[in-house]
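Input: a single structure, listed below in structure tokens.
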Amino acid sequence: MGEATRIEIRRPDDWHVHLRDGEMLRAVASYTARQFARAIVMPNLVPPVTTAGAAEAYRQRVLDALPEGSGFVPLMTCYLTDHADPDELARGHEAGLFTAAKLYPAHATTNSAFGVTDLATIRPALERMQRIGMPLLVHGEVTDRDIDIFDREAVYIDRILTGLVRDFPELRIVLEHITTAEAAAFVESAGPTVAATVTPHHMALNRNALFEGGLRPHAYCLPVVKRERHRQAVRKAAVSGSAKFFLGTDSAPHAVERKEADCGCAGIFNAPYAIESYATAFEEEGALDRLEAFASENGPLFYGLPRNEERIVLERVPIEVETSLPAAGSALVPFHAGETLPWRLVQA
Ligand code: NCD
Ligand code: ZN
């Protein structure tokens, strides 16, 4: 069999992205819209998106930031707090303003200060979501400072997620941006209500990337990249063909001066060449024939949404990734900066 030179798949969706707001939103929206038909837009603005009204206004700002003629559809989410109101969630879901709700354990990551301190406080919200079929998206890391940061995902699964799945057997749950063998195994062995997203960077990097010749802030995100054996397990899950795993970039732009700092922000800006990065990983795994299911089919199936009919084409034409991209009066350093990727998205 010769080497593939062209890949044609249904247009993919991004089931986890940070589009930010204001000038930064206007700088990054087109990168996501270039590749993806839809995206689940994270609500961790300051202040977070907690009401249907705020989601509607934010959705309009996203639409206003898109290039002329873009058909991109932002799917909005509600940020769960200790005060999450089941009626507001249901109203927002019914009105199509909240596709899902996001659970950030308080202080787990960027802009999560308003997150949930104790799952008990949101039980009524979860019960309602279960009843109305509204998915719960989980940032699965414990926040205890006495737990090693590399163990926080696995400990979350043991301490919180296992019980959550048991107590809410009908609630659809996405464990976002999985990074460990434990997470891949948990999702694989759970029932059909549990799925996971996989990022391009967790397929490409292990924790050596954080220290490659020096401290590397642009490889820093949360959950932090793990040992090689975990990267291998996450890759195997993504390319396995299991419908439980689908594309979610977790593209999380921070201006370069906020990354290259004494206390640098967590987040990798992978939106510019996300689909090219996934294609590269799938090819390395000899699984290009499974890219379409992962990128374009498993997500809509889980969310109960139609698949995209439009198609995209990738060609084996190398692209050199920019070392820096202008944004919001500053710059963003994209994932794979300065590297050459073997695939290029050409508009279908
Ligand atoms: C995200 C961000 O910057 O908003 N950062 C990240 O490293 N992924 C927050 C998050 O989703 O954890
Ligand atoms: Zn995220």
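The values are calculated or read from the model by the stated rules, or taken from the named source; none is laboratory data. Computed from a predicted model, the values in this text were never measured in an experiment. Quick reminder, even Gly has a Cβ in these numbers, built from the backbone with ideal geometry, and neighbours come from all protein chains shown. Calculation scope for accessible area: heavy atoms of the full protein, side chains included, ligands and nucleic acids excluded. Shrake-Rupley method; radii C 1.70, N 1.55, O 1.52, S 1.80 Å.
Between Asp85 and Ile147, 0.36 nm times their residue separation minus their Cα-Cα distance comes to what? Mind showing how you got there, number by number?
On the way: separation 62, 0.36 × 62 = 22.32 nm, distance 3.09 nm.
Using 0.36 nm per residue and subtracting the Cα-Cα distance, I get 19.2 nm.
In the chain, the DSSP-assigned H stretches of four residues or longer account for a calculated mean residue ellipticity at 222 nm of -8500 deg cm²/dmol, using -39500 (n - 2.57) per stretch and the full residue count as denominator. Of the residues Gln130, Gln60, Gln35, the one that moves most in a GNM of the chain with alpha-carbon contacts below 10 Å is Gln60.
Build a GNM of the chain with springs between Cα atoms under 10 Å apart, and of Ala39, Ala252, Ala261 the one that fluctuates most is Ala261. Only lysines eight or more places from Lys226 in sequence, or on another chain, were considered; those with a Cα closer than 22 Å are Lys236, Lys244, Lys259. Hey, how much of the P(r) for the chain falls beyond 36 Å, as a percent of Cα pairs? Taking all Cα-Cα pairs of the chain, the fraction more than 36 Å apart is 13 percent. What whole-number value in cubic angstrom gives the convex hull volume per residue for the C-alpha atoms of segment 251-348? Value for segment 251-348: 140 Å³ per residue.
Comparing mean-square fluctuations of Pro217, Pro67, Pro12 from a GNM of the chain with C-alpha springs under 10 Å, the top value falls on Pro67. Between Ile319 and Leu341, Trp343, the built amide H atoms are under 5 Å apart, and every one of these is 5 or more places off in sequence or on another chain. Note on exposure: Tyr31, Tyr303 ranked by accessible area (1.4 Å probe, complete protein assembly) read Tyr31, Tyr303, with the most exposed listed first.
Its alpha carbons considered, segment 46-153 gives a radius of gyration followed by a Dmax of 15.2, 50 Å.
How much net charge surrounds Phe302 when only other residues with a Cβ under 9 Å from its Cβ are counted (Lys, Arg +1; Asp, Glu -1)? Overall, the nearby charge balance is +2.
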